[in-house]
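Peer 1: Below is the structure I would like to discuss, written out as structure tokens.
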Amino acid sequence: MMEANPNHPRPTQVQLCEQALAKARPWGLEAELMWSAMNLANAQGLTFEYVLEQAIEEWDLGEENEL
């Protein structure tokens, strides 16, 4: 599960987006991850945090698959 640092100057959603992109970067799947997240959000009216987590799982980028 991704967590934002409440004391960080960057907004929570930006922190979560960077964490999700970092998970996708080793495989060059940053664009695919964002595409999945935005499609989920648009189709179902879900929260930003939820769709990022779902997009990570869709591309098998979860913690169990880290390098």
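FYI, it's all coordinate maths here, none of it is from the lab. Given the structure is predicted, the values throughout are model-derived calculations rather than measurements. So basically every Cβ, Gly included, is an ideal-geometry build from the backbone, and we count neighbours across all protein chains shown.
Peer 1: Would you mind getting the Kirkwood hydrodynamic radius of the chain from its Cα pairs, rounded to one decimal in Å?
Peer 2: Final number for the Kirkwood radius of the chain is 12.0 Å.
Peer 1: Could the peptides 32-41, 5-14, 52-61 be put in order, highest first, of the mean number of other beta-carbon atoms found within 10 Å of their residues?
Peer 2: Descending packing order for the listed peptides: 52-61, 32-41, 5-14.
Peer 1: Still on this structure, please answer the following. Whole-Hz ³J(HN,Hα) for each residue in region 3-10, computed from phi via Karplus 6.51 cos²θ - 1.76 cosθ + 1.60 with θ = phi - 60°, x for glycine and proline: what do you get?
Peer 2: Per residue, the Karplus-derived 3J(HN,Hα) values read 9, 8, 8, x, 8, 7, x, 6 Hz.
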